[in-house]
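Each reported figure results from applying straightforward, stated rules to the coordinates on display, with no laboratory input. Only a predicted model underlies this, so the values are computations on that prediction, with no experimental measurement involved. We place every Cβ from the backbone using ideal geometry, glycine too, and count neighbours over all the protein chains shown.
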Amino acid sequence: MGRWVRPEVYPLMAAMTFVTSMCVFQLTRNILMNPDVRINKTNRTTAVLENAEEGEKYSQHSLRRFLSHRPPEVFPALNRFFSSADE
């Protein structure tokens, strides 16, 4: 009959679960919080929405605000180690 539990598949399943959850998170975020998505009927009837502050709030979320004050380095200690002038 063969084995149903295959441990060599666990890393693949973990990666696929992570990617699927990231896709679900992004789609849910866009449906519920994006100012350009109009779910209720009153917003769909207006041709142009005057919601500049809502769009600003959506685009400048907390993670982006946090990262805007950080240096654009992935590994700062590693960058300093390889770029030092000490020989």
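Hey, among the residues in the range 1-35 that are basic (Lys, Arg) and outside any helix (DSSP H, G or I), which one's surrounded by the fewest Cβ atoms within 10 Å (Cβ to Cβ)?
First, the residues of the range 1-35 that are basic (Lys, Arg): 3, 6, 29.
Then keep just the ones that are outside any helix (DSSP H, G or I); that gives 3, 6.
Details: Arg3: 6, Arg6: 10.
Filtering the range 1-35 for residues that are basic (Lys, Arg) and outside any helix (DSSP H, G or I), the one surrounded by the fewest Cβ atoms within 10 Å (Cβ to Cβ) comes out as Arg3.
Within the range 68-87, the residues that satisfy the criterion of being assigned to a helix (DSSP H, G or I) and either surrounded by 10 or more Cβ atoms within 10 Å (Cβ to Cβ) or of a type outside the set (A, V, I, L, M) (or both) are Ser68, Pro76, Leu78, Asn79, Arg80, Phe81, Phe82, Ser83.
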